[in-house]
Amino acid sequence: MCTVCGCGTASVEGHGQAQGHAHHHHDHDHGHDHDHGHGHSHGHGHGHGHDHHHGHDHGCGCGGHHHHHDRAPGAGADVHYGTGAAGTSVPGMSQSRLIEVETAILSKNDEFARQNRRLLGVLGAFAVNLVSSPGSGKTTLLCRTIRDLHDAPLAVIEGDQQTALDAERIRATGARALQVNTGKGCHLDAHMVGHAIDSLRPRPESLLFIENVGNLVCPAAFDLGEDAKVAILSVTEGEDKPLKYPDMFTAAKLALINKVDLASACDADLDAYEAALRRVNPAIEILRVSARTGEGMAQWLDWLRAGLAAKARPQAAE
Amino acid sequence: MHEMSLAEGVRGVIEDQQRRHGFAAVTRLRLEIGRFAGVEKPALDFALEVVLRGSVAEGAVVEMIDLPGQALCFDCMGRVEIDDRLAPCPDCGGGRLMPEGGDEMRIKDMEVA
């Protein structure tokens, strides 16, 4: 499986497998077996590597370009760093060419995220990426939010490994929702979300909720093109959660402490929750809410409306 | 965390570079990993070994360079380096530190033949 775009096992509702879709720019090198037993060992790259690559031209997108025989005749012959790709040399790196790459490992994801952000910017749609551990009450909170927002234009992208249960719950509120199943993937990425945005076609000046896979680790690193990550933390989870999983709470602009109606039953010290959140992210905004009783919902809706108003407003000149 | 995804990302970047520069093999690969990137280096090493199999970078020597964690202290407003995500400010002892650097995950360069 390509876990960067999720192709292979991820599916967007109405699309089947995500592969082969229109804005699928990157090449897929998976699914074909490279272990074809011609016995090259790990040392093969030094000088005779080109002998081995004929077998790789099998229509996977990485084949068909292997014209290196006449371009890189091997170690020693191409030490003119100034004319090569690198334009420099590094002690300890010898003989072969050095290519300065300086590229983020997640650059492909980041490019998809930029495309999403550009599109959402043109629409003036305010997108929030809801992140939390499983069971924090994301979907319940979202259903309540949708009900309390009444007729505000909005759409929901639901991410889970399996099932369309959450999208069905959202649709039961009357809102438009699309389920993305990540298969074995532990997070949504910008490419999946791009497909989902294409399908959902968010309305101008609307809210877009992206409910990420319940996971406090991986989604922190994947920009989806959202305006803000909102971390949801419920009072049943323990106030030390932000200290244990700091990256997610550092990445979040707002934290919602959910299920506050259960705080006394859980002996939860809400101030301790807030202190832990600010310990890992001194700039984080915090709201205490209960999707069940409605406590704090007004402030949460105000936060959303303010975000939407700022996004929807035509960009003020300087 | 998601080291397989990262390894797929590395392979994608290498293949882009291969199309651009046309080399036969990557013999050495240097990655820069920030201290706060959340990357488990042994797991990434393992994932790379699997994911790069059959690519031009199969068998490449992978070197990971640590980049320091940097933070802004909200108490003394100083920019400081910290080793641990929850370490106090080395200057003033304050505990309100906003990470500002150290989440990098980059391919720095590679040696090709």
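Below are the figures for this structure:
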read-out: So A:ALA276, is it touching a residue at least 12 places away in the same chain (Cβ under 8 Å), farther than 24 Å from A:CYS143 by Cα and part of a loop (DSSP other than H, G, I, E, B); value: no
read-out: Some residue of region B:27-45 being more than 11 Å from every other protein chain (Cβ to nearest Cβ), charged (D, E, K, R) and touching a residue at least 60 places away in the same chain (Cβ under 8 Å); value: yes
read-out: B:PRO90 modelled with pLDDT of 95 or more and either outside any strand (DSSP E or B) or closer than 15 Å to B:ARG35 by Cα (or both); value: yes
read-out: Region B:35-61: number of residues that are buried (at least 20 other Cβ atoms within 10 Å of the Cβ) and touching a strand residue (DSSP E or B) at 6+ places or on another chain (Cβ under 6 Å); value: 8
read-out: Unmet requirement for B:ILE65, which otherwise passes all of (1) in a strand (DSSP E or B); (2) within 16 Å of B:LEU6 (Cα to Cα); (3) within 10 Å of chain A (Cβ to nearest Cβ); value: (3)
read-out: Pair list, Cβ < 7 Å and 6+ apart or interchain, from region A:108-122 residues that are among the acidic types (Asp, Glu) to residues that are not in a helix (DSSP H, G or I); value: A:ASP110/A:ALA104; A:ASP110/A:ASP223
read-out: From B:VAL26, B:VAL80, residue being β-branched (Val, Ile, Thr), at pLDDT 95 or above, more than 16 Å from A:VAL101 (Cβ to Cβ) and surrounded by 17 or more Cβ atoms within 10 Å (Cβ to Cβ); value: B:VAL80
read-out: Flag if A:LYS184 is within 17 Å of the chain's Cα centre (by Cα) and farther than 28 Å from A:LEU277 by Cβ; value: yes
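The values are calculated or read from the model by the stated rules, or taken from the named source; none is laboratory data. These figures come from a predicted structure and were not determined experimentally. Every residue, glycine among them, receives a Cβ derived from its backbone with ideal geometry; neighbour counts consider all protein chains shown.
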